[in-house]
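Notes for the one structure printed next.
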């Protein structure tokens with residue numbers, strides 16, 4: 001049985017990288033006692049598929065991952081078990097059955113960003129967002145080539161309470 005878990009990543013945990021977020025969810029699934037399907041081979045892991053990476057330092061209210069479980073379990077039960085082992089900053093917003101054959105990457109149609117109050121929807125075509133670099137170059141006031149070359153980012157890294 002495949003389930004899609006929608007989660008929040010806010011506060012201090014927004015500085016956790018994509019790979020560390022994946023590791024976190026694998027451990028959370030184990031701590032919650034969920035019967036996850038595991039990979040085969042030398043390095044056995046829970047089968048989890050995260051969506052597009054969130055840039056380090058950005059918060060999100062709607063990140064997704066697909067979790068494959070052995071047997072049938074109610075989505076509400078999975079949500080409750082995961083919520084019981086969540087640290088501050090992570091939260092489960094919902095768990096839904098995932099009956100699609102396509103991966104989460106292929107199914108993603110739009111990336112939505114809100115930068116300093118400005119909401120921007122960037123369509124995804126064939127796993128790429130062609131409007132991303134023009135948006136970033138306009139926001140940071142540089143040419144598109146400079147944005148691609150230097151990966152221009154401006155992130156406030158000080159934590160404020």
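The values are calculated or read from the model by the stated rules, or taken from the named source; none is laboratory data. Here the structure is a predicted model, which means the values were calculated and not measured. Positions of Cβ are generated from backbone atoms using ideal geometry, with glycine treated the same way; all protein chains shown enter the neighbour counts.
The residues in segment 105-138 that are in a loop (DSSP other than H, G, I, E, B), surrounded by 14 or more Cβ atoms within 10 Å (Cβ to Cβ) and modelled with pLDDT under 75 can be counted, and the count is 2.
Would you check if residue 37 is at pLDDT 90 or above, more than 14 Å from residue 90 (Cβ to Cβ), touching a strand residue (DSSP E or B) at 6+ places or on another chain (Cβ under 6 Å) and surrounded by fewer than 17 Cβ atoms within 10 Å (Cβ to Cβ)? Even if it seems obvious, please write down each step before you answer.
On the way: at pLDDT 90 or above: yes; more than 14 Å from residue 90 (Cβ to Cβ): yes; touching a strand residue (DSSP E or B) at 6+ places or on another chain (Cβ under 6 Å): yes; surrounded by fewer than 17 Cβ atoms within 10 Å (Cβ to Cβ): yes.
Yes.
Matching residues to (1) free of Cβ contacts under 8 Å to residues at least 40 places away in the same chain; (2) buried (at least 17 other Cβ atoms within 10 Å of the Cβ); (3) out of contact with any helix residue (DSSP H, G or I) (no Cβ under 9 Å at 6 or more places or on another chain):
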site	(1), (2), (3)
15	no, no, yes
44	yes, no, yes
66	no, yes, no
83	yes, no, yes
89	no, no, no
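Residues being over 13 Å from the mean Cα position of the chain (by Cα), more than 30 Å from residue 131 (Cα to Cα) and assigned to a loop (DSSP other than H, G, I, E, B) are entirely absent from segment 59-68.
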